[in-house]
Number of protein chains: 2
Amino acid sequence: MPLSMYDAAFPPVIKMLETLSAILDKAASHCEKRKIDPSVLIHYRLAPDMYALPRQFQIVTDQAKGMAARLAGMEVPSYPDTERTFEELKGRLAKTVDFVKSVPKTQIEGSEDRDIVLKIGGSEMKFKGREYVFGFALPNFYFHATTAYDILRHAGVELGKRDFLGA
Amino acid sequence: MPLSMYDAAFPPVIKMLETLSAILDKAASHCEKRKIDPSVLIHYRLAPDMYALPRQFQIVTDQAKGMAARLAGMEVPSYPDTERTFEELKGRLAKTVDFVKSVPKTQIEGSEDRDIVLKIGGSEMKFKGREYVFGFALPNFYFHATTAYDILRHAGVELGKRDFLGA
């Protein structure tokens with residue numbers, strides 16, 4: 001069976017979003033066990049000019065829903081960036097999983113050659129579907145997924161790479 | 001043109017390895033400018049039980065050469081994990097780029113259904129080529145690439161996501 005855009009991008013992204021939700025459960029139970037106010041962890045970041053935890057999850061989900069919608073030729077659903085608790089971040093991850101799963105596989109067929117235009121700031125980025133997914137959306141997605149993990153790990157949450165790979 | 005395993009995995013991995021080399025240049029010039037002993041940055045890590053910088057680069061390159069070789073049905077080249085300077089890490093990145101580029105595209109054809117067996121610790125992991133690349137090798141690759149970036153960013157090196165995406 002030849003490789004499809006769907007197989008290459010959708011199941012790994014869905015799995016990683018579910019993995020990130022399990023990582024948030026570990027962060028919440030870490031706070032409970034160690035009597036840490038969860039809002040302290042929520043405000044953690046790796047450098048003063050890097051994004052804190054919620055923004056990492058917001059961008060991770062933005063990349064996932066953006067990729068799924070653009071490849072399908074659908075409008076990208078807009079979520080307000082208002083999450084401030086572990087539960088709210090988990091809700092955003094779940095909403096994103098539902099959306100990505102709702103995109104029919106058949107609608108992704110042939111998307112490797114679809115023209116994708118991103119508007120970032122004032123400028124436009126143009127890609128073919130395959131360059132967009134493998135050269136932009138997935139590296140971006142994993143960048144913020146890993147940074148979320150790294151923030152929590154740096155803050156002392158007991159996590160290992162197995163938690164990230166979900167193996 | 002239908003999506004190929006080569007297109008989905010090889011160019012993005014080569015690009016990211018080159019990007020990581022440029023990030024090391026920025027780390028080296030940061031040390032020079034701020035009169036920081038480079039060995040201090042080399043020993044940085046995000047948590048006492050996480051890997052320091054060299055190991056992140058060693059694993060990133062292991063994932064890249066492992067993926068390229070396994071998909072091609074070749075033996076994975078073995079590199080001794082001895083790098084302790086920015087220059088040595090750049091050398092390892094360059095050597096890996098050369099190897100990944102040396103794998104002929106035609107040898108990757110049909111690798112989506114190739115049986116891949118990994119021996120990790122005492123146990124075996126079995127995959128089809130497509131699951132191995134998109135569900136294991138690439139997430140692992142980006143995990144260590146991002147963590148290398150996050151370590152340097154946390155240590156004060158002036159980097160932005162543009163340095164990571166190489167856009």
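The values are calculated or read from the model by the stated rules, or taken from the named source; none is laboratory data. These numbers were taken from a predicted model, which means no experiment stands behind them. Positions of Cβ are backbone-derived with ideal geometry, glycine not excepted, and every protein chain shown enters the neighbour counts. Heads up: the accessible areas ignore ligands, DNA and RNA and are worked out on the full protein's heavy atoms, side chains in. Shrake-Rupley method; radii C 1.70, N 1.55, O 1.52, S 1.80 Å.
Between the C-alpha center of the range B:8-80 and that of the range A:46-74 there is a gap of 24 Å. Relative intensity of the range B:94-149 on a log10 scale, I(q)/I(0) at q = 0.12, 0.14, 0.16, 0.22 Å⁻¹, equals -0.37, -0.51, -0.66, -1.08, per a Debye sum over C-alpha point scatterers of equal strength in the absence of solvent.
Rg over Rh of the range A:1-81, using C-alpha atoms and the Kirkwood radius, what does it come to?
Working: Rg = 16.1 Å, Rh = 14.9 Å.
Rounded to two decimals, Rg/Rh equals 1.08.
Computed log10 I(q)/I(0) for the protein assembly as shown at 0.06, 0.11, 0.16 Å⁻¹: -0.20, -0.71, -1.53, from the Debye equation with unit scatterers placed on every C-alpha and solvent omitted. Put simply, when B:38-46, A:31-39 are sorted by average Cβ atoms within 10 angstrom per residue, most first, you get B:38-46, A:31-39.
Rounded to the nearest 10 degrees, the inclination of helix B:53-72 to the longest alpha-carbon principal axis of chain B is 20 degrees. Taking trypsin sites (Lys or Arg not before Pro) across the range B:70-160, the ones in a DSSP loop with at most 15 further Cβ atoms lying within 10 angstrom of their Cβ are B:R84.
Note on the range B:1-96: lysine pairs with Cα distance below 29 Å, sequence gap of 8 or more or different chains, count 14. Probing with 1.4 Å while keeping every protein chain in the model, the per residue accessible area of the range B:106-167 equals 42 Å².
Averaged across A:107-113, how many Cβ atoms of other chains sit within 10 Å of each residue's Cβ atom?
Details: counts 0, 0, 0, 2, 1, 6, 3.
Per residue, the average neighbour count from other chains is 2.
Counting only alpha carbon atoms, the long axis of helix A:5-34 and the longest principal axis of chain A meet at about 10°.
Cβ under 14 Å from B:F99's Cβ, B:F99 left aside: what net charge do those residues give with Lys, Arg +1 and Asp, Glu -1? Intermediate values should be presented prior to the final figure.
Working: positive: B:K65, B:R70, B:R92, B:K95, B:K101; negative: B:E18, B:D62, B:E75, B:D98.
Taking every Cβ under 14 Å from that of B:F99, the sum is +1.
Inter-chain neighbour count for B:4-17: the average number of beta-carbon atoms from partner chains within 10 Å of each residue's beta-carbon is 3.
Heavy atoms only, probe 1.4 Å: what % of the accessible area of the range B:78-167 goes to carbon and sulfur, would you let me know? Here it works out to 50 percent. Within a straight-line Cα-Cα reach of under 19 Å, A:K161 can be paired with the following aspartates and glutamates, leaving aside sequence neighbours fewer than 8 residues apart in one chain: A:E18, A:D25, A:D150, B:D49, B:D62, B:E124, B:E131, B:D150.
Where does chain B land on Rg(C-alpha)/(2.2 N^0.38 Å)? If you can, show how the numbers build up before the last one.
Working: Rg = 16.5 Å, N = 167, 2.2 N^0.38 = 15.4 Å.
Its radius of gyration relative to the 2.2 N^0.38 Å reference: 1.07.
For the range A:62-127, a Kirkwood radius taken over Cα pairs fed into Stokes-Einstein (37 °C, viscosity 0.692 mPa s) yields D = 248 µm²/s. The angle separating the long axis of helix A:138-154 from the principal Cα axis of greatest extent in chain A is about 0 degrees.
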